[in-house]
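S.K.: What follows is a single structure, and I will ask about it in a moment.
The values are calculated or read from the model by the stated rules, or taken from the named source; none is laboratory data. Everything numeric in this text was worked out from a predicted model, so none of it was measured. Here the Cβ is made from the backbone with ideal geometry for all residues, glycine too, and neighbour counts use every protein chain on show.
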Amino acid sequence: MRNLDMACLRTFVAIAESGTFAAAGERVGRTPPAISLQIKRLEADVNVSLFQRQGRRMVLSEAGEKLLGYAKRVLAINDAAIETLSTSPLTGTIRVGMVQDFADTCLADLLFRFKESHSGVRLSVTVGRTPDLVASVRNGDLDLAVAADRWNGMKSVPVLTEAMKWIGAPGLRLAEGTVVPLILFEAPCPFRDAALDALNTTEREWEIVYTSPSLSGIRAAVRAGLGITVRTHLFVEEGVVDLGLTAQLPQLPDARFGLYTAGEGLTDAGQQFTTLLTNQMFG
């Protein structure tokens, strides 16, 4: 029986999630040539090609898709074993920032899982908007944050790509030629920019009828039928739907989220939290 190299598996998962050797290299701390050698070694071990190139991105082959699930489970077991057998319990404080999209859906379970394993670590959590979170990481007020990828050019590790969607109340119809009523975050905001840029490529008129500094405010206005907004599927819940093609609105770009970390690097506790975050929320 052959044994798969754990480091190669970790690199394989990083490429599958980020789409490029360069982005994967940032996550695992290796250069693109070293990444390439690891994948060649892994493909030799399993005797099959794991990726196909589509433009600048690396896309999983059919065999790669099959391996991905196994690789994530193997890495999770490996990390759990090392964590369990660690002779020195983790201590200290981790200051975490997260955009509301994930805070409303995934954060509670993530915090519970981490505290269950590392009761000696204090978590300080800030939920906010991308500009504020990125500024807090840059200023040293946060150790790490999940927010829009590479905001204002600041370096981040890509963790998730989601399609942006036009979202409104059930049954909402926008007649052709009518002004599009928009419900958006206050500027600056990547979703706001995407909505306005998309509409400005068409002759469709638009009007911002409601702005809010919070996601709950946006959701309340959408539910009330005041207008439409742009978010990902994470925003969709009772009383809020993806309008799809019925809106007759222009196509939107993808929303890309990244992990920002402080320039001096993470503590052991911070690294453990980051591993759990990427495996549980974006794995």
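S.K.: Scanning region 1-17 for residues that are in a helix (DSSP H, G or I) and in contact (Cβ under 8 Å) with a residue 40 or more places away in the chain, which turns out surrounded by the fewest Cβ atoms within 10 Å (Cβ to Cβ)?
M.R.: MET6
S.K.: To continue, here is another question. Within region 56-78, can you find the residues that are surrounded by 14 or more Cβ atoms within 10 Å (Cβ to Cβ) and small (Gly, Ala, Ser)?
M.R.: Across region 56-78, the qualifying residues are SER61, ALA63, GLY64, ALA71, ALA76.
S.K.: I'd like to verify a number: residues in region 1-46 that are at negative phi, of a type in the set (Gly, Ala, Ser) and out of contact with any Ser or Thr (no Cβ under 8 Å at 6 or more places or on another chain), how many?
M.R.: Selection size over region 1-46: 9.
S.K.: For region 221-242, which residues satisfy the criterion of being basic (Lys, Arg) and either under 21 Å from the mean Cα position of the chain (by Cα) or buried (at least 21 other Cβ atoms within 10 Å of the Cβ) (or both)?
M.R.: ARG231, the sole residue that qualifies.
S.K.: Is it the case, given these coordinates, that ARG27 is part of a strand (DSSP E or B) and either touching a Pro at 6+ places or on another chain (Cβ under 7 Å) or closer than 17 Å to LEU277 by Cα (or both)?
M.R.: Criteria not met by ARG27.
S.K.: Considering only residues that are in a loop (DSSP other than H, G, I, E, B) and touching a strand residue (DSSP E or B) at 6+ places or on another chain (Cβ under 8 Å), look in region 226-257 and name the one that is nearest to ILE208 (Cα to Cα).
M.R.: In this case the residue turns out to be GLY227.
S.K.: Tally the residues that are over 15 Å from the mean Cα position of the chain (by Cα) and not in a loop (DSSP other than H, G, I, E, B), restricting the search to region 138-164.
M.R.: Residues flagged as over 15 Å from the mean Cα position of the chain (by Cα) and not in a loop (DSSP other than H, G, I, E, B) within region 138-164 amount to 3.
S.K.: Continuing with this model, one more query. Can you name the residue in region 18-55 that is at pLDDT 90 or above, under 30 Å from LEU144 (Cβ atoms) and hydrophobic (A, V, I, L, M, F, W, C) and, of all such residues, is surrounded by the most Cβ atoms within 10 Å (Cβ to Cβ)?
M.R.: The residue in question is LEU50.
S.K.: Filter region 60-83 down to the residues that are outside any helix (DSSP H, G or I) and within 11 Å of PHE12 (Cα to Cα) and list them by number.
M.R.: If the condition is that a residue be outside any helix (DSSP H, G or I) and within 11 Å of PHE12 (Cα to Cα), then LEU60 is the only one that fits.
S.K.: Continuing with the same structure: Given the conditions (1) closer than 20 Å to SER214 by Cα; (2) surrounded by fewer than 16 Cβ atoms within 10 Å (Cβ to Cβ); (3) modelled with pLDDT under 90, which single one is not true for THR126?
M.R.: Going through (1) closer than 20 Å to SER214 by Cα; (2) surrounded by fewer than 16 Cβ atoms within 10 Å (Cβ to Cβ); (3) modelled with pLDDT under 90 one by one, THR126 breaks only (3).
S.K.: In region 178-195, how many residues are among the acidic types (Asp, Glu) and either touching an Asp or Glu at 6+ places or on another chain (Cβ under 6 Å) or assigned to a strand (DSSP E or B) (or both)?
M.R.: So the count comes out to 0.
S.K.: Suppose the filter is crowded, with 18+ Cβ neighbours inside 10 Å and either assigned to a loop (DSSP other than H, G, I, E, B) or among the aromatic types (Phe, Trp, Tyr) (or both); does LEU110 pass it?
M.R.: The answer is no for LEU110.
S.K.: Across region 84-107, what is the number of residues that are aliphatic (A, V, I, L, M), out of contact with any strand residue (DSSP E or B) (no Cβ under 8 Å at 6 or more places or on another chain) and either in a loop (DSSP other than H, G, I, E, B) or surrounded by 14 or more Cβ atoms within 10 Å (Cβ to Cβ) (or both)?
M.R.: Adding up the residues that qualify gives 0.
S.K.: Consider ALA135 against the criteria (1) farther than 28 Å from ALA16 by Cα; (2) under 13 Å from the mean Cα position of the chain (by Cα): it satisfies all of them except one. Which criterion is unmet?
M.R.: Here ALA135 clears every test but (2).
S.K.: Which one of ALA175, ALA220, ALA198 is of a type in the set (A, V, I, L, M), assigned to a loop (DSSP other than H, G, I, E, B) and over 13 Å from ARG231 (Cβ atoms)?
M.R.: ALA175
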